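These notes are about the structure you will find just below.
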There are 2 protein chains.
Amino acid sequence: MGFCPFCEGNEDKTPPEIYAIRPPGSPADGPGWTVRVVANKFPALRLEGDLDRTGVGMFDRMNGVGTHEVLIETPRHDQNLPDLPEAHVEQLIEVYQQRLNDLKRDPRLRYILIFKNYGVTAGASLAHPHTQLIATPVTPQIVAQELSAAREHYVQKERCLFCDVIRQETESRERIVYDDGQYVAIAPFASRFPFEIFLAPRKHAHDFGDLSKEDGRGFARALRDVLRRLRVILQDPPYNFVLHTAPNTSLGPRREGYWTTLPYDFHWHLEIIPRLTRVAGFEWGTGFYINPTPPEDAARFLREASTGEA
Amino acid sequence: MGFCPFCEGNEDKTPPEIYAIRPPGSPADGPGWTVRVVANKFPALRLEGDLDRTGVGMFDRMNGVGTHEVLIETPRHDQNLPDLPEAHVEQLIEVYQQRLNDLKRDPRLRYILIFKNYGVTAGASLAHPHTQLIATPVTPQIVAQELSAAREHYVQKERCLFCDVIRQETESRERIVYDDGQYVAIAPFASRFPFEIFLAPRKHAHDFGDLSKEDGRGFARALRDVLRRLRVILQDPPYNFVLHTAPNTSLGPRREGYWTTLPYDFHWHLEIIPRLTRVAGFEWGTGFYINPTPPEDAARFLREASTGEA
């Protein structure tokens, strides 16, 4: 194993600590931490400067104002998220929340995306367990599409779209991967990818930043359990996960270009995508995905997997 | 090199010939052809049966009615598209047109997608040069988005959106890769991927099936030239290309679920995507792409590339 800047003891090889869970009194940028947040050394976006929105003929241009952080999940190089004790995953979730709520205060940041690339095929450039955070100065396309579908549904029915999906799925049970009453993991109907998973709280909640201690504990338990199931069934597959939460809820409710704080426009959830198939010409040309594994089969395999725990 | 079902002499190892360019009188499913079309042995969609559209609670389900063909570009295993003589590429383009126009007659087929995966990373499972065709019973999402953007532009301005882009790009020259007066290749403004290319006729045309002999010859020349440039600059990269043309133009003009024959709703074009970067969590979560190569640089490299021809 080569040198790793994320390992305990190498704190001086990363940009300075933004936040960490560490014993009271232990100095920043030294050892002893459990979860540690630093700026990405090669950031996709930077906080300096103004957006400078301009037109270029019929096109639009703006500067890449935003932020790109690395959330180091554990001091140990060889301990992946599903290997961590539940209480450690709970601390990681608290760090997700802390970063989200801290960055919300900057009104230039319209969306705060938390995601993880695990394995080289899934885009991970460093093996040490880490999650990434990128905050963008615009609401991402994919989020805007989900928001407007959910809003349209709410306007028509005065019910949350995601709550309706969760209700239908928990009644039919066919695509349920995990369900402890508090959180539910589903192999989505018409999944794009084999073993794709949708994980969400059963109780309606639009902003991940608002999670109670109890909600955080439940999410840690569900996430860890589902990742253990994936690891057993697919033999430690590369995967991406992406947290979908409401856009920066400290901004006022705007509509079209998309911020909103209205609680029923969204229901936070996590998407987990194992990277087993290749995206090729058909997918790029259509936006459709050919999935050889029916979600009903994927759900059954995952539901019946033995996670090595009671 | 192992056995290849697409090589000349192995015609009995593929499903029967659907169409071929071969000398008059030479029997189907024997040697002597230049370009040969067969059904895909492992099709994504099949023509048998009905769509049987049904609701499943709040979801929708239908059967996979459609067709999946393989267009074998040359009898020779080691001769890729940019190696073929111009006249041969012209014949390949004629075959694209023939298949498109033939399948249009089936009103269940709403869209006919022609695309190529080159290289394992780009999703090619067989090395022998081939293009694929998948006809779908619905208008693909991506196509519908392009159509509605183009239509909105036309309604406002009575001008084709793509014609406007081409005009702006040919005036500025900054992102021009190739321009022979008849066809133009552009590194798109805010390209998603390094060295992504948009190739289109300068003269407005919505349906690739309507190409004249002269248009076909020009497209063959432009396509071959651009692929030679990519090969030189990026050392034979894996790539996908996807033809974007109007939905089945034999159907009447419908609006929202999307067929249309109205000529100004679309301008056919080819998208070429070299597969140099990985799509990871950020891209899945946002629909945004981080591109380390500005299109202005990509265009300059490609423009100045020596294709080994006059």
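Yes/no per residue for (1) modelled with pLDDT of 80 or more; (2) more than 12 Å from A:Phe198 (Cα to Cα); (3) acidic (Asp, Glu):
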site	(1), (2), (3)
A:Tyr239	yes, yes, no
A:His244	yes, no, no
A:Pro247	yes, yes, no
A:Leu251	yes, yes, no
A:Gly257	no, yes, no
A:Tyr264	yes, yes, no
A:Ile272	yes, no, no
A:Thr277	yes, yes, no
Report, ordered by the first and then the second residue, all pairs with beta carbons closer than 9 Å, sequence separation of six or more or different chains, a first member in segment A:219-248 that is away from chain B (no Cβ under 12 Å), and a second member that is of a type in the set (Lys, Arg) and assigned to a helix (DSSP H, G or I).
A:Arg229/A:Arg303; A:Pro237/A:Arg231
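Is it fair to say A:Thr131 is under 17 Å from the mean Cα position of the chain (by Cα), of a type in the set (S, T, N, Q), within 11 Å of chain B (Cβ to nearest Cβ) and within 17 Å of A:Leu243 (Cα to Cα)? It would help to see each step written out before you state the result.
Details: under 17 Å from the mean Cα position of the chain (by Cα): yes; of a type in the set (S, T, N, Q): yes; within 11 Å of chain B (Cβ to nearest Cβ): yes; within 17 Å of A:Leu243 (Cα to Cα): yes.
In short, yes.
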Residues that are surrounded by 17 or more Cβ atoms within 10 Å (Cβ to Cβ) and within 14 Å of chain B (Cβ to nearest Cβ), at least 1 per element: which strands (runs of 3 or more DSSP E) completely within segment A:18-103 meet that?
A:67-72
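Residues checked against (1) modelled with pLDDT of 95 or more; (2) more than 14 Å from chain A (Cβ to nearest Cβ):
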{"residue": "B:Ile142", "(1), (2)": "no, no"}
{"residue": "B:Thr170", "(1), (2)": "yes, no"}
{"residue": "B:Ile176", "(1), (2)": "yes, yes"}
{"residue": "B:Ala200", "(1), (2)": "yes, yes"}
Please count how many residues of segment B:261-272 are assigned to a helix (DSSP H, G or I) and either among the aromatic types (Phe, Trp, Tyr) or under 22 Å from B:Lys116 (Cα atoms) (or both).
1
Taking the condition over 23 Å from B:Gln97 (Cβ atoms) and not aliphatic (A, V, I, L, M), does B:Ser212 pass?
no
Quick count over segment B:273-310, residues being crowded, with 21+ Cβ neighbours inside 10 Å, more than 10 Å from chain A (Cβ to nearest Cβ) and not in a helix (DSSP H, G or I), is 1
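Picking from B:Arg173, B:Arg159, which residue would you name as being basic (Lys, Arg) and touching a His at 6+ places or on another chain (Cβ under 9 Å)? Working first, answer last.
Details: B:Arg173 fails: touching a His at 6+ places or on another chain (Cβ under 9 Å).
After ruling out the rest, the residue left standing is B:Arg159.
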Neighbours by Cβ (under 9 Å, 6+ apart or cross-chain): first from segment B:71-86, small (Gly, Ala, Ser); second part of a strand (DSSP E or B) and at pLDDT below 95:
none
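Of the residues A:Val226, A:Val242, which is buried (at least 21 other Cβ atoms within 10 Å of the Cβ), under 15 Å from the mean Cα position of the chain (by Cα) and either among the polar types (S, T, N, Q) or over 25 Å from A:Ala144 (Cβ atoms) (or both)?
On the way: A:Val242 fails: either among the polar types (S, T, N, Q) or over 25 Å from A:Ala144 (Cβ atoms) (or both).
Going through A:Val226, A:Val242 in turn, just one is buried (at least 21 other Cβ atoms within 10 Å of the Cβ), under 15 Å from the mean Cα position of the chain (by Cα) and either among the polar types (S, T, N, Q) or over 25 Å from A:Ala144 (Cβ atoms) (or both): A:Val226.
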Please enumerate the residues belonging to segment B:117-167 that are charged (D, E, K, R) and either assigned to a loop (DSSP other than H, G, I, E, B) or in contact with a strand residue (DSSP E or B) (Cβ under 6 Å, 6 or more places away or on another chain) (or both).
B:Glu158, B:Arg159
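Can you tell me which residue among A:Val177, A:Val155, A:Val184 is touching a residue at least 60 places away in the same chain (Cβ under 8 Å) and either of a type in the set (Val, Ile, Thr) or within 20 Å of A:Thr261 (Cα to Cα) (or both)? Reasoning before the result, please.
Working: A:Val155 fails: touching a residue at least 60 places away in the same chain (Cβ under 8 Å); A:Val184 fails: touching a residue at least 60 places away in the same chain (Cβ under 8 Å).
Of A:Val177, A:Val155, A:Val184, the one residue that is touching a residue at least 60 places away in the same chain (Cβ under 8 Å) and either of a type in the set (Val, Ile, Thr) or within 20 Å of A:Thr261 (Cα to Cα) (or both) is A:Val177.
Counting only residues that are away from chain B (no Cβ under 12 Å) and among the hydrophobic types (A, V, I, L, M, F, W, C), which one in segment A:249-272 is surrounded by the most Cβ atoms within 10 Å (Cβ to Cβ)? Give the steps one after another, and end with the answer.
From segment A:249-272, those away from chain B (no Cβ under 12 Å) are A:249-268; that's our starting set.
Still in the running and among the hydrophobic types (A, V, I, L, M, F, W, C): A:251, A:259, A:262, A:266, A:268.
Values: A:Leu251: 14, A:Trp259: 20, A:Leu262: 15, A:Phe266: 27, A:Trp268: 20.
That would be A:Phe266.
When you check B:Phe208 against the structure, is it away from chain A (no Cβ under 11 Å) and surrounded by 20 or more Cβ atoms within 10 Å (Cβ to Cβ), yes or no?
Values: away from chain A (no Cβ under 11 Å): yes; surrounded by 20 or more Cβ atoms within 10 Å (Cβ to Cβ): yes.
Yes: the conditions hold for B:Phe208.
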Scan (1) facing chain B (nearest Cβ under 8 Å); (2) surrounded by 15 or more Cβ atoms within 10 Å (Cβ to Cβ) for the single condition A:Gln182 breaks and write down its number.
(1)
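The values are calculated or read from the model by the stated rules, or taken from the named source; none is laboratory data. Predicted, not measured: the structure shown is a model, and the values here were computed from it. Methodologically, a virtual Cβ is constructed for each residue, glycine included, from the backbone with ideal geometry; neighbour enumeration extends over all protein chains shown.
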